[in-house]
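Could you have a look at this structure, given as structure tokens, before my questions?
FYI, it's all coordinate maths here, none of it is from the lab. Only a predicted model underlies this, so the values are computations on that prediction, with no experimental measurement involved. A quick note on method: Cβ atoms are made from the backbone with ideal geometry, for glycine too, and the neighbour counts reach across all protein chains shown.
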Amino acid sequence: MAAMAARGEELKPLAPVDTTPKLEILNKQIEMSGEDAQAYVNRAYTYALLGRKDDARADLKKAISLKDNAPMQNRVGWAYFNNGDYTDAVRAFETSAKQSNYSARYDYYSLVLGYWATGQTKLALENYQLAVERDPRFGEFKTLEERIAEWTPLERRAMHEIYVLWSKTWKAS
């Protein structure tokens, strides 16, 4: 990247990808059962990661129309987050948390992502503290790294930024 910058070149955003082996599998699952909400939300998440924003949004609407419960709302939130639809992600994460009565293991750290992305820093920090209380691995950098090792770069960035802010300003030493 430094060499590119020195030459005056800019990084170009990744171009959307038409298909992948995973998409082919998900397409077949949906062909076999057009009522499989999990297949739709999984395909939406994949579309989001591949830059196919409109396709992701259509599948997310279909998934929720087929199954509107806490786990599905949470999964929809992750796809919206990776699609750059942060307000929709917050709405889905909040709906999920309310539907689960804030008892699902993922409620608080999912909310952190949405609040981080929408600039709601205090809510992100408050929910980060609640996430740490539920899962202490979020409370130490090394175990946080292990916990989020396979998250997307955007998901990891959000958690890293809030962790650093939380550890410097919120965490009782």
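Please report the spacing between the Cα centers of the range 27-42 and the range 112-173 in Å, no decimals.
First find each Cα centre; the distance between them is then 32 Å.
Moving on to the next point. Anything in the chain that counts as a DSSP H helix reaching 15 Å or more along its axis (C-alpha) with Kyte-Doolittle mean of at least 0.0? List them, would you? Working shown, then result.
On the way: long enough: 21-32 (17 Å, -0.41); 37-49 (18 Å, -0.07); 53-66 (20 Å, -0.71); 70-83 (20 Å, -0.73); 86-99 (19 Å, -0.71); 107-117 (16 Å, 0.37); 121-134 (19 Å, -0.37); 153-169 (24 Å, -0.49).
The qualifying helices are 107-117.
Another question about this same structure. I need the semi-axes of the equivalent ellipsoid of the range 18-67: take the C-alpha gyration tensor, multiply each eigenvalue by 5, square-root it, list largest first in whole angstrom. Provide the component values of the computation, followed by the final result.
Working: eigenvalues 49, 36, 9 Å².
Here the semi-axes work out to 16, 14, 7 Å.
For a Förster distance of 22 Å, can you work out the FRET efficiency between the beta-carbons of LEU123 and GLU150, rounded to the nearest 0.05?
Here the calculated transfer efficiency is 0.30.
Expressed in nm², what is the orientationally averaged projection area of the convex hull enclosing the Cα positions of the chain?
Taking the Cα atoms of the chain, their convex hull projects to 11.9 nm² on average.
Still on this structure: Could you tell me the relative contact order of the chain? Use alpha-carbon pairs under 8 Å, at least six residues apart, and round to a whole percent.
Contact order relative to length: 13 percent.
Right, another one. Which order do the peptides 53-64, 34-45, 139-150, 74-85 come out in when sorted by mean C-beta neighbours inside 10 angstrom, highest first?
Averaged packing, sorted descending, gives the order 74-85, 34-45, 53-64, 139-150.
Same structure, new question: Rounded, prolate or oblate, given the Cα gyration tensor of the range 86-173, with a/c below 1.5 counting as rounded? Numbers along the way, then the final one.
On the way: a/c = 1.42, a/b = 1.34, b/c = 1.06.
It is rounded, given that a/c, with a ≥ b ≥ c, falls under 1.5.
Another question, then. Is there a pair in LYS67/LYS142; LYS67/LYS168; LYS22/LYS171; LYS28/LYS61 whose C-alpha atoms are over 31 Å apart, and which pairs would that be?
LYS67/LYS142; LYS67/LYS168; LYS22/LYS171
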